[in-house]
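First comes the structure, then the notes that go with it.
Nothing in this text is a laboratory measurement; each read-out follows from the coordinates by a stated rule. In this text the structure is predicted, and so the values were computed from the model without any measurement. Cβ coordinates were reconstructed from backbone atoms using ideal geometry, including for glycine residues, and neighbour counts include every protein chain displayed.
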Amino acid sequence: MSQLNIHQYPYMSDNYGVLLHSPKTGETACIDCGDASATLAALAQQGWALTEIWVTHHHADHTAGVVELKDATGATVIGPKPLSQEIAGLDKTLEDGDTFQFSGMEVQTLHTPGHTKDMINFYLPEENIVFTGDTLFTIGCGRLFECDAATMYASLAKLTALPAATLVYSSHEYTLANVKFALSVDPKNQALIARAKTVESLRADGKPTVPSSIQEELDTNPFLRADDEQIRELLDMRQASSEEVFAEIRHRKDNF
Ligand code: ZN
Ligand code: FE
């Protein structure tokens, strides 16, 4: 049974922010803040007082509002150890495997470098949810700005090792474009074909495609399917390593 209330809200052109609220303790966390006014509006709408800001990585669309939000609320800012760029306003830094408590529950830190060197994800085993930032998206994954494909592949493997029912909250609504690309490398995947229809109707109704689940991603996300025979056949990479197939899929997406 879920003990937390979760409120997801859009900001900027395609970002999602999330508020996590504990009715038991009154604690409220937000995941990332690219725009303080959007987070403050979401807090006011829910009637929750912010106590913590959890930052996934240094990019501006995830951090530009952190200091203003911290000043406005007095919240504590938790985020990754700076590995490439400083994040303004950090009170506490986390490394892979670090844990902390929220509403009496354990939050586990997963370091998932690939998109950036500093990327961390937040996993709440008791709630069956993971916040994947720009590492794992619905039917996609983050671009490789600061690391190589093998590093990202290993990071995605950390996420797919979580229980299949885990809900995946990612930071962007990129799914319509992602599903078009996915069909180009995995056109016969029946689960993907069915999901493409679901995604199109959700977006036509203005509804989010986030969260998804680890199981749905394993079934339909080409970046997690580098071992799939049909994908390997289509790419003409039957003998290649999984990392090589992943790198080719990422390369094709970058040029799609
Ligand atoms: Zn990013
Ligand atoms: Fe982003």
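Quick notes on this structure:
- Put the Cα centre of region 175-196 next to the Cα centre of region 46-108 and the gap is 34 Å.
- Between the helical axis of 149-160 and the longest alpha-carbon principal axis of the chain there is an angle of about 70 degrees.
- Between the helical axis of 175-185 and the longest alpha-carbon principal axis of the chain there is an angle of about 20 degrees.
- Taking other residues whose beta carbon is less than 10 angstrom from the beta carbon of residue 104, and scoring Lys, Arg as +1 and Asp, Glu as -1, yields -2.
- Remark: region 162-168, residue by residue, has Karplus-estimated 3J(HN,Hα) of 6, x, 4, 7, 4, 7, 9 Hz, where x stands for each Gly or Pro and the curve is 6.51 cos²θ - 1.76 cosθ + 1.60 at θ = phi - 60°.
- Neighbour cut-off at most 14 other Cβ (10 Å), DSSP loop, chymotrypsin sites (Phe, Trp or Tyr not before Pro), region 67-166: 145
- Between residue 150 and residue 71, the C-beta separation translates, for a Förster distance of 30 Å, into a calculated FRET efficiency of about 0.15.
- Remark: region 55-72, residue by residue, has Karplus-estimated 3J(HN,Hα) of 9, 8, 6, 7, 4, 4, 5, 10, 10, 4, x, 4, 5, 4, 5, 4, 4, 6 Hz, where x stands for each Gly or Pro and the curve is 6.51 cos²θ - 1.76 cosθ + 1.60 at θ = phi - 60°.
- Using the Karplus relation 6.51 cos²θ - 1.76 cosθ + 1.60 with θ = phi - 60°, the per-residue 3J(HN,Hα) values for region 82-93 come to x, 10, 9, 10, 5, 10, 5, x, 5, 9, 8, 10 Hz, with x marking Gly and Pro.
- Annotation: amide H of residue 17 within the under-5 Å range of 9, 11, sequence separation 5 or more or interchain, hydrogens built in the peptide plane.
- Charge tally in the Cβ shell below 13 Å around residue 254, where Lys, Arg are +1 and Asp, Glu are -1, residue 254 excluded: +3
- Reachable lysines from residue 81, criterion Cα separation under 28 angstrom, eight or more residues apart if same chain: 70, 92, 117, 158
- Sorted ascending by nearby beta carbons within 10 Å, beginning with the fewest, 251, 62, 7, 57 become 251, 7, 62, 57.
- 0 to 90° range, to nearest 10: angle between helix 242-254 axis and the chain longest Cα axis: 80
- Neighbour counts of C-beta atoms inside 10 Å place 37, 103 in the sequence 37, 103, starting with the fewest.
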